[in-house]
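Here's the structure, in structure tokens; my notes come after.
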Amino acid sequence: MKTTLSIIKADIGSIGGHIKPSQQLIERVREFVQKNSKDLINDLYVSHTGDDIALLFSHQKGTGNEALHKMAWEAFVAGTETAKEQGLYGAGQDLLKDAFSGNVKGMGPAVAEMEFEERPNEPFLFFAADKTDPGAYNLPLYLAFTDPMFCPGLMLSPAMAQGFTFTIMDVEYTEGDKIIELNAPEDLYDIAALLRDNERFVVESIRSRSTGDIAAAVSTSRLHNIAGKYTGKDDPVQLVRVQGSFPATGEILSPYSIGHYVAGFMRGSHTGPLMPVTINSSVSYFDGPPIVACHAFCVHNGKFTEAADAFDHPFWDYIREKVSRKSVELREQGFSGIAMLNYSELEYGGIVEKMKRLDKQFKVRK
Ligand code: F6R
Ligand code: MG
Ligand code: MG
């Protein structure tokens, strides 16, 4: 049977700053979907990561389905009412357009979707990150799908011997989807040359070269491209199918042991290490650190099992300590150099005004 998985997620308000949504808000969104999704979906899973609420749907309508996107948009609009009633901070923050227009892509919420013929057993992972942007997944995807140091299956399993095709998007281009397809392993150095620039080039999807099957799909939206100004970090989601002709769950997880530095953290304007956290975690120190949660499922005849919490294991406590240490070490140098993002990535327009004012004060010495 053909199944589509869709994640649609948004920040529509939170308690105590940009920390986590209220329980009442989450329940309002869940109830709205439950009431309005008859004949539309096979299953629903609602979670939050930091201040973002993610709706994971299983359905048979294919990717980019207008009715499903509309219903999800309306669920976030309904949730925003609750957020306003409760006086939550940043109510409706990610709903950047006034009216729904065909597809929630480009309207604020992040979307990751894939359609496939269900295998007899269909394990997959749903990742959600907060206080960072889609480029945060570049390195873990590169390592898990191209590097036998992290994914021994690439050398041990005949099903993966032909490698994977990466579709990479230039997210700076705003007239449409500007994409390139590159094959691992032949194009490895070209893939690396693009993916080193996390703010501009982002993995959109990955396919198996032996079967053509979709392996991974990532949300690629950049909110500041939609709003024309910075309105918060993009807090990306992704779906990854695992096992068989795809990397094993542990191979996909293994690069998250690095705690690599990503863009985001306080005011979306800093660099910080990505911390793997348990499901429904919030953020804290310096509005961070940037976090990623991983929900592992099987889907069968369109129905989800319960989620296994992939980073809820003593091993990841050790990594979380390491990431905490890396966070503090980088924060010790405050605003200086790589601790903060480039001028074009800073969240607040105030600095633009400041630089204009200072520019006028500069003099060229004769
Ligand atoms: C980062 C983030 C927070 C806020 C910060 C200030 O993505 O959401 O770090 O930028 O708490 O928030 P405002 O400007 O809403 O007071
Ligand atoms: Mg927020
Ligand atoms: Mg967020």
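The values are calculated or read from the model by the stated rules, or taken from the named source; none is laboratory data. What you are looking at is a predicted structure, and each value in this text was computed from that prediction instead of being measured. Cβ: placed from backbone, ideal geometry, glycine included. Neighbour counts: every protein chain shown.
Of note:
- Residues in region 167-213 that are in contact with a Lys or Arg (Cβ under 6 Å, 6 or more places away or on another chain) and either closer than 22 Å to Gly244 by Cα or β-branched (Val, Ile, Thr) (or both): 1 in all.
- Selection within region 275-290: residues that are out of contact with any Asp or Glu (no Cβ under 7 Å at 6 or more places or on another chain) and of a type in the set (S, T, N, Q). The member of this set that is surrounded by the most Cβ atoms within 10 Å (Cβ to Cβ) is Ser281.
- Where helices (runs of 4 or more DSSP H) fall wholly inside region 111-213, no range has 2 or more residues that are away from ligand 1 (no atom under 16 Å from the Cβ), under 27 Å from Thr49 (Cα atoms) and modelled with pLDDT under 95.
- Selection from region 57-73 of residues that are part of a helix (DSSP H, G or I) and surrounded by 15 or more Cβ atoms within 10 Å (Cβ to Cβ): Leu68, His69, Lys70, Met71, Ala72, Trp73
- Matching option when the condition is touching a Leu at 6+ places or on another chain (Cβ under 8 Å), surrounded by 16 or more Cβ atoms within 10 Å (Cβ to Cβ) and among the hydrophobic types (A, V, I, L, M, F, W, C), among Ala310, Ala293: Ala310
- Criterion (without any contact (Cβ under 8 Å) to a residue 12 or more places away in the chain and either surrounded by 18 or more Cβ atoms within 10 Å (Cβ to Cβ) or not in a strand (DSSP E or B) (or both)) met by exactly one of Ala54, Ala91, Ala99, Ala78: Ala99
- Filtered by the rule that a residue be farther than 15 Å from Pro109 by Cα, touching a helix residue (DSSP H, G or I) at 6+ places or on another chain (Cβ under 7 Å) and hydroxyl-bearing (Ser, Thr, Tyr), region 1-22 gives a lone residue, Ser22.
- Of the listed requirements (1) without any contact (Cβ under 8 Å) to a residue 24 or more places away in the chain; (2) surrounded by 12 or more Cβ atoms within 10 Å (Cβ to Cβ); (3) acidic (Asp, Glu), Glu329 misses just one: (2).
- Counted residues, region 288-338 - those being within 24 Å of Pro134 (Cβ to Cβ) and assigned to a loop (DSSP other than H, G, I, E, B): 6
- Any hit, region 34-42, residues being within 18 Å of Asp130 (Cα to Cα) and away from ligand 3 (no atom under 16 Å from the Cβ): no
- Residues located in region 159-207, provided they are of a type in the set (Val, Ile, Thr) and under 17 Å from Pro134 (Cβ atoms): Thr167, Ile168, Val171, Thr174, Ile179, Ile180, Ile191, Val202, Val203, Ile206
- Any hit, region 305-315, residues being out of contact with any Lys or Arg (no Cβ under 8 Å at 6 or more places or on another chain), over 30 Å from Ser22 (Cα atoms) and of a type outside the set (Ser, Thr, Tyr): no
- Subset tally (residues that are of a type in the set (Asp, Glu) and within 16 Å of ligand 2 (Cβ to nearest atom)) for region 1-47: 1
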